[in-house]
Every structure is written in C-alpha cells, then in structure tokens.
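To keep things clear, I will list the structure first and then write my remarks on it.
Derivation of every value follows stated rules applied to the coordinates shown; laboratory data play no part. It should be emphasised that the depicted structure is a prediction, and the values quoted were computed from it without experimental measurement. Because the Cβ atoms are built from the backbone with ideal geometry, glycine has one as well, and the counts that use them run over all protein chains shown.
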Amino acid sequence: MLIKSILLLTITTNIFASEYSGFEVDNKEKNKKYKIDLLSGKKDSLRFYKGTRSIILNEKIQNVLQSITNFEDKCNNEYKDRRELISKKRECKYHNSNLVESKVYKDLGKFQKESNEVDRYLVARRIYNRQTFSHMDLVVIYESINTNGQKVIKINQKMLEDKEAKKYLSPPVEHDSVFEIAYSNFTLTEIAPGKTQLEYFYASETDHWLLNKSVSVSNVFESMAKSIDLLFNSIDQELAQKSSIKTKIVSQ
C-alpha cells in the first residue's frame with residue numbers, strides 16, 4: 001500500500017511538472033477574477049487540467065488546517081433530497097455548487113504510516129451535475145519543519161479506484177467519474193506567528209469524449225476557477241467564524 005501510494009503520487013506529480021510527461025500544453029490562462037492559474041494539455045486521448053492558487057492569511061496554521069478539512073460542512077443544501085450518506089436535515093455551512101454530500105471515514109483498520117504522516121482517512125463524495133457521480137478520496141496529512149525552521153502542513157487528496165478504497169474499508173460509494181485521475185494538495189507554511197502561506201494545487205486527467213477536446217477547455221477552466229474560488233471562500237468564512245473580525249488575505 002505504501003509503495004503503491006508513493007508511486008501514484010510520484011506519477012501524478014510528474015505528469016504536471018514542467019515537461020508534463022509528453023503532454024502537449026495547448027491552453028494557459030490566468031483567471032484574473034479568481035486569481036487562479038490554469039493549464040491544460042493533451043496526449044493521445046488523454047487531457048490534463050491543472051489549477052493553482054497561493055495566498056497569505058493572517059491566521060494560525062492550525063486554524064487554516066481545520067478550515068480546509070471540515071469536509072462534511074461543504075455541500076449544496078438544495079440537493080438535500082439526493083443525500084444517502086448524511087442526514088437530509090443537516091445544513092451545510094458552506095456552499096459547493098455540485099456537491100451533494102461528503103462523508104468522512106476514519107476507521108481504516110491497519111496501514112503503514114508514511115514519514116511525517118499525522119492523519120489519514122477516506123472521504124466519500126457524491127456529486128450532481130446533470131447526473132450523479134461519486135468517488136472516494138484518500139486524505140493524508142503530514143507535518144514537518146522546512147529548512148527555514150518553519151512549520152509545514154501538507155494535505156494530500158487523491159481520488160481512489162474501487163480496488164484501492166477496498167484496501168481500507170468497504171467503500172460506501174463506487175468510483176463513477178469522468179476523470180481517470182484527480183489529485184489535490186494544500187501546503188500550509190507558518191511564515192510567522194499567526195501568519196500562514198497557503199498554496200493549493202489541483203490536477204486531473206480525463207479521456208472523456210467531450211472534456212478531452214480543446215473546444216471544452218474554456219468551459220472546464222471556468223468551472224475549475226469557480227470551484228477553487230468557492231473552496232477558498234469557505235476557508236475564509238470558517239476562519240472568520242474563529243475570529244472576531246473577518247480574516248484578511250494579505251497577498252495573493
């Protein structure tokens with residue numbers, strides 16, 4: 001499990017490195033409205049999408065961590081009747097347009113921890129976008145000290161195939177997604193007491209007959225930008241509730 005997890009992480013990271021492992025980059029965009037960098041490219045029938053954003057928050061690093069990992073608080077309340085994993089009466093605090101529900105599963109049985117790993121769990125997600133999709137994400141959290149003596153927390157999320165999820169538990173939802181690979185990473189760096197740099201990276205790969213065509217890239221970019229912005233808004237809103245005043249982004 002450890003070797004396969006590291007291997008997939010390495011493959012996924014390399015795909016979206018500068019050479020993109022043979023992918024021909026054909027679309028780049030700086031979304032000025034949401035301040036998000038977007039990138040896409042293609043190789044044969046596969047297309048990758050990548051989005052990144054970086055901000056600095058006047059907040060403690062642990063508060064930022066908690067505002068990211070409150071997965072069950074994020075959904076679209078208008079889809080309550082479609083829920084199967086959480087109560088239909090529950091009010092999600094933060095809006096996520098296409099997300100029906102998320103459910104965290106922490107009882108994973110035995111597994112080998114990785115270096116600097118402090119937590120690991122699965123998140124079942126059900127999504128509605130003209131039809132229902134679902135998948136399981138593996139979330140692994142690491143803590144370390146960088147060469148500048150600063151505390152660093154990394155939150156890695158990876159969409160699992162059913163056979164991978166079954167190594168941890170009997171998955172409550174099946175993998176049904178237009179993406180072959182989906183991976184995201186939050187890197188939190190405590191650059192000063194009460195000040196945290198947050199770097200976000202999202203990447204996916206698809207062979208979907210429509211989404212892999214260049215004509216669809218602008219629409220996917222817009223959807224990605226909106227989703228990432230909603231994510232960052234939920235982080236800011238959660239942090240604001242922990243403070244007497246609204247958290248201010250000091251740079252991005």
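Of the complete DSSP H runs in the chain, those spanning 18 angstrom or more by Cα along the long axis with a mean Kyte-Doolittle score not below 0.5 are 2-15.
Average the reciprocal distances over every distinct pair of alpha-carbons in segment 106-217, invert the result, and give the Kirkwood radius in Å. All intermediate terms of the calculation are to be shown ahead of the outcome.
Numbers: mean 1/r = 0.0622 Å⁻¹.
Taking the inverse mean of 1/r over all distinct Cα pairs, segment 106-217 comes out at 16.1 Å.
With only Cα atoms counted, segment 181-224 has Rg and Dmax values of 15.7, 49 Å.
Take the Cα of residue 72, step 7 Å toward its Cβ, do the same at residue 178, and the gap between the two points is 3.0 nm. Which one is right for this structure if volume of the Cα convex hull per residue in Å³ is calculated from it: (1) 132; (2) 190; (3) 140? Correct label is (3). Mind scanning 103/213; 103/163; 35/89; 60/93; 74/242; 35/158 and naming the pairs with a C-alpha gap bigger than 26 Å? Flagged as over cut-off: 103/213; 35/89. Think of segment 94-156 as a dipole: +1 on every Lys or Arg Cβ, -1 on every Asp or Glu Cβ, centred on the Cα centre; then among 146, 133, 121, 133 lies furthest on the positive end. Residue-wise HN-Hα couplings along segment 191-208, as the Karplus relation 6.51 cos²θ - 1.76 cosθ + 1.60 with θ = phi - 60° gives them from phi, are 7, 6, x, x, 9, 10, 8, 10, 10, 10, 9, 10, 9, 8, 9, 9, 10, 4 Hz; Gly and Pro carry x.
Tell me which aspartates and glutamates have Cα within less than 16 Å of residue 106's Cα, excluding those fewer than 8 residues away on the same chain? The qualifying aspartates and glutamates are 72, 117, 119, 137, 164.
With +1 assigned to the C-beta of every Lys and Arg and -1 to the C-beta of every Asp and Glu, and no other charges, what is the dipole magnitude of the chain about the Cα centre in debye, to the nearest 20?
On the way: 40 positive and 34 negative charges, 120 e Å.
I would put it at about 580 debye.
Scan segment 153-198 for trypsin sites (Lys or Arg not before Pro) in coil per DSSP, keeping those whose Cβ has at most 16 other Cβ atoms within 10 Å, and list them by number.
Values: sites: 154, 158, 163, 166, 167, 195; in loops: 166, 167.
Passing sites in segment 153-198 are 166, 167.
Simple point charges give the picture: +1 on the Cβ of Lys and Arg, -1 on the Cβ of Asp and Glu, and for segment 66-159 a dipole about the Cα centre of about 240 debye.
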